[in-house]
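In what follows, a structure is listed as structure tokens, so that the remarks can point back to it.
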Amino acid sequence: MNWKWVWVAWLLVVCFLSLMPSSPSLSSKWLEWPHWDKIIHAVMYGILSLSMLKFLQKTNVRQPVIYVILFCIVLGTTIEFLQGSKLINRDFEIADIIANIIGTFAGIVIIKFFKI
């Protein structure tokens, strides 16, 4: 599998979903479960970190885990600040940043623990 393109594609999905304006039509009954979006954040960043780490492991990058952690934290934090700006009809939430970080570490742990 070419992890570079998996990572690039998933990065685009994360950015698109995170930066598109919110829509009232997206709120259905099953989405009203408290904090469902935090789980989605964690899963999205888990997949992002997993695919980025798999890609970087195939390169000559030294200590790829450090790059993955820094990239995902900076990306998630930047996106949250953009959501809090007037440019996008979304809200800034520190809990989203925490969920992103948890997901980032979960993706790394999955690779390291399960030897994927």
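The values are calculated or read from the model by the stated rules, or taken from the named source; none is laboratory data. Just so we're clear, the structure is a prediction, and the values are computed from it rather than from any experiment. When we count neighbours, we look across all protein chains shown, and the Cβ atoms used for this are built from the backbone with ideal geometry, even at glycine.
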Q. Out of all the residues in segment 96-108, is one or more hydrophobic (A, V, I, L, M, F, W, C), at pLDDT 95 or above, surrounded by fewer than 18 Cβ atoms within 10 Å (Cβ to Cβ) and over 12 Å from the mean Cα position of the chain (by Cα)?
A. no
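Could you identify the single residue in 4, 58 that is touching a residue at least 40 places away in the same chain (Cβ under 8 Å), surrounded by 14 or more Cβ atoms within 10 Å (Cβ to Cβ), out of contact with any strand residue (DSSP E or B) (no Cβ under 7 Å at 6 or more places or on another chain) and not aliphatic (A, V, I, L, M)? Spell out the reasoning first.
Details: 58 fails: surrounded by 14 or more Cβ atoms within 10 Å (Cβ to Cβ).
Result of the check over 4, 58: 4.
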Q.
touching a residue at least 40 places away in the same chain (Cβ under 8 Å), of a type in the set (Ser, Thr, Tyr) and in a helix (DSSP H, G or I): is that true of residue 78 in this structure?
A. no
Q.
Can you tell me how many residues within segment 81-90 are within 13 Å of residue 41 (Cβ to Cβ) and either out of contact with any Leu (no Cβ under 9 Å at 6 or more places or on another chain) or in a helix (DSSP H, G or I) (or both)?
A. 1
